[in-house]
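Peer 1: Have a look at this one.
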Amino acid sequence: MKKVIYFSLLSVVIGVLLMGCGSDEVQPRAINEETDKCPVCNMSVMDNQFATQVVLEDGLSHVFDDLGCMYVWLDENPDEEIAATFVRDYNNEEWIRSEDAFYVYNMDVKTPMAYNMISFEDQASADEFIAENEGELIAADALADHDWEMNHEMMEGHGHEGDHGHGEMDSESHTEEGESTH
């Protein structure tokens with residue numbers, strides 16, 4: 001009887017250990033629109049198709065409002081131990097590992113910080129977007145070499161048409177006539 005109990009207990013322990021091995025996969029965390037701020041631009045991060053995320057080896061994660069902000073942060077923090085990076089599918093907003101996504105660069109796409117890069121879970125979706133809207137397909141492994149420049153023209157015009165919930169982008173106040181004052 002002791003052998004049966006011992007064997008059953010051993011089976012349970014092995015089962016728990018094996019299940020634990022599969023749960024070590026790094027996952028993105030949920031975005032809290034009330035408290036999450038992009039560490040690059042300090043804007044609120046909306047829970048939408050533009051959000052990205054870096055998960056560090058120690059479990060800490062950073063969320064970004066724009067893919068460009070994530071790449072600026074990665075460039076400025078080369079010594080961080082990264083467990084995984086995630087982007088969102090432009091169509092369905094599902095999280096995707098950034099290395100598995102397909103990217104489209106289109107100067108007319110309004111992203112929160114005007115980096116104009118969007119991500120897709122499959123190449124067919126990216127190709128379909130390009131066929132309908134134009135743009136350039138960018139491979140995931142080419143993003144590190146991409147010129148992460150903001151579209152300054154769009155940032156000036158972003159001025160709150162196309163605003164993705166970020167509030168004021170600068171310290172301007174507006175008069176009743178619509179003129180900007182500093």
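The values are calculated or read from the model by the stated rules, or taken from the named source; none is laboratory data. What you see is a predicted model, and the numbers here were worked out from it, not measured in a lab. Reconstructed Cβ throughout: ideal geometry from the backbone, glycine too, with neighbour counts over all protein chains shown. For the accessible areas, the whole protein counts, side chains as well, though only heavy atoms, and no ligand, DNA or RNA atoms are used. Shrake-Rupley method; radii C 1.70, N 1.55, O 1.52, S 1.80 Å.
Peer 1: Between 70, 46, which is open to solvent by less than 40 Å² (accessible area, probe 1.4 Å), closer than 17 Å to residue 114 by Cβ and among the aliphatic types (A, V, I, L, M)?
Peer 2: 70
Peer 1: If a residue must be farther than 17 Å from residue 111 by Cβ and either at pLDDT below 50 or open to solvent by less than 40 Å² (accessible area, probe 1.4 Å) (or both), how many such residues does segment 143-174 contain?
Peer 2: Total satisfying the criteria: 6.
Peer 1: Tell me, which strands (runs of 3 or more DSSP E) wholly within segment 30-111 include 1 or more residues that are polar (S, T, N, Q) and within 20 Å of residue 144 (Cα to Cα)?
Peer 2: 52-56, 61-64, 82-88
Peer 1: Next question. How many residues does segment 37-90 contain that are farther than 21 Å from residue 25 by Cβ and touching a Phe, Trp or Tyr at 6+ places or on another chain (Cβ under 7 Å)?
Peer 2: Of the residues in segment 37-90, 14 are farther than 21 Å from residue 25 by Cβ and touching a Phe, Trp or Tyr at 6+ places or on another chain (Cβ under 7 Å).
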